[in-house]
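A short write-up of the structure that comes next.
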Amino acid sequence: MPIFNYSAGPSMLPHEVMQNVQKELLSYEGSGVSIVEMSHRSTAFQSIVDSLEARLRRLMDIPETYAVLFLQGGATLQFSMVPMNLRETSRFAYVDTGIWSKKAMTDARCFGEVAIIQPTDDLDGMSFSTDGLHDVDYVHLTLNNTIEGTRFTAIPETEVPIVADASSNILAEPIDVSRFGLIYAGAQKNIGPSGLTVVIVRRDLVQSLHLPSYLSYHNQMDTLLNTPSTFSMYVAERVLKWVEEAGGVEAMERMNVQKRDLIYGYFETSALFKPLVTGEKRSLTNIPFTTGSEETDQRFLEFAREQGLIELGGHRSVGGLRASLYNAMPLEGATRLIEVMRQFEEGHDVSH
Ligand code: PMP
């Protein structure tokens, strides 16, 4: 039975990439040495790093005025590295769009004062007002809210740099890098295995500060400061090759829109399953939904699991149901989910 994995992260990776990783696990490109046994200072590994960076720059059209850093510690470490490195006045603004943005502001409070901005939010989309947005070192946005299933649809011009957590939408939809001071993302949704975090930062924002060596962007620019997550970087390079060959970020976005619209289209016809998000701000990658009953949600989770559809539970903080369909999820992942929801609904008496 084929398994469809709707995990919010770590998530499924392209099947053909996984097959190739398996094939060359014991001997990287015929060298007789596994990638996991190889020095991060070797020529072979350096060429992986160079290719990974080049592919990411091409896919996201990253200007030369930005550095690309490959770090560890997840997006969570960036919750503190960002304020630590970008602070000048030690006043920061955070747009509050959900659980991950709240976690980011909690860590920022260790380094200064946080002004909370509420998003503007209606059926036409989600954005924020720039009123009062000055005298801060930056404004922080979570571009796609993995748990709530919402996303920013418009980003206004600001006087201050915009910092974006793009963990769940990087490479899933185009991001105009030149609009941002810094973009960070954990790799484990659209890029590769966990253990790798990508940071894209405008070079002129990076200062040489007295910080522990690993925590300073300045020390991490254009060099491998210490042993990186070599295996994750290797797989990421292969995933980015797959994205490029599949037509790049625009092609990913087209597929993601198609998958999302199919599933939301089904909700319109269903008497049982209801979406939790309406309007343009619906995420392309994370779809939270429910039957309205905790018990029925649980029964659906079991039913789906029996059909090979796994990881459809909502985040542990909110419950309900959630389908995450990142780049590696084929269109069949959307049609199969609809089929299984329909089967469940047919066997379920909705009048009770
Ligand atoms: N930000 C967002 C938007 C996320 O979805 C996640 C993880 N799901 C995180 C931050 C935390 O990432 P990590 O586990 O890599 O620290």
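Going by what's in this entry, would Thr43 be described as within 15 Å of the ligand (Cβ to nearest atom) and out of contact with any helix residue (DSSP H, G or I) (no Cβ under 7 Å at 6 or more places or on another chain)? Against the criterion (within 15 Å of the ligand (Cβ to nearest atom) and out of contact with any helix residue (DSSP H, G or I) (no Cβ under 7 Å at 6 or more places or on another chain)), Thr43 does not qualify.
Residue selection: Leu240 fails the criterion of being modelled with pLDDT of 95 or more, touching a Lys or Arg at 6+ places or on another chain (Cβ under 9 Å) and open to solvent by 50 Å² or more (accessible area, probe 1.4 Å). When segment 177-195 is filtered for residues that are more than 10 Å from the ligand (Cβ to nearest atom) and free of Cβ contacts under 8 Å to residues at least 60 places away in the same chain, the ones remaining, listed by number, are Arg179, Phe180, Ile183, Ile191. Reported count of residues in segment 210-228, each being part of a loop (DSSP other than H, G, I, E, B), within 16 Å of Gln78 (Cα to Cα) and open to solvent by 60 Å² or more (accessible area, probe 1.4 Å), is 1.
Determine if segment 281-294 includes at least one residue that is β-branched (Val, Ile, Thr) and part of a strand (DSSP E or B). Yes, because at least one residue in segment 281-294 is β-branched (Val, Ile, Thr) and part of a strand (DSSP E or B). Among the residues of segment 1-32, those that are free of Cβ contacts under 8 Å to residues at least 24 places away in the same chain, loosely packed, with under 15 Cβ neighbours inside 10 Å and of a type outside the set (Asp, Glu) comprise Gln19, Gln22, Lys23, Leu25, Leu26, Ser27, Gly30, Ser31, Gly32. Residue pairs whose Cβ atoms lie under 7 Å apart, separated by 6 or more positions or on different chains, with the first residue in segment 102-113 and away from the ligand (no atom under 12 Å from the Cβ) and the second in a loop (DSSP other than H, G, I, E, B), are Phe111/Arg87; Phe111/Ser90; Gly112/Arg87; Gly112/Ser90; Glu113/Ser90.
Have a look at Val82, Val95 and point out the one that is out of contact with any Gly (no Cβ under 9 Å at 6 or more places or on another chain), closer than 23 Å to Ser208 by Cα and within 16 Å of the ligand (Cβ to nearest atom).
Val82
Counting just the residues of segment 58-79 that are open to solvent by 30 Å² or more (accessible area, probe 1.4 Å) and under 14 Å from Tyr184 (Cα atoms), which one comes out farthest from the ligand (Cβ to nearest atom)?
Gln72
The values are calculated or read from the model by the stated rules, or taken from the named source; none is laboratory data. In this text, all values refer to a predicted model and were calculated from it rather than measured experimentally. Glycine also receives a Cβ, built like all others from the backbone with ideal geometry; neighbour counts cover every protein chain displayed. For the accessible areas, the whole protein counts, side chains as well, though only heavy atoms, and no ligand, DNA or RNA atoms are used. Shrake-Rupley method; radii C 1.70, N 1.55, O 1.52, S 1.80 Å.
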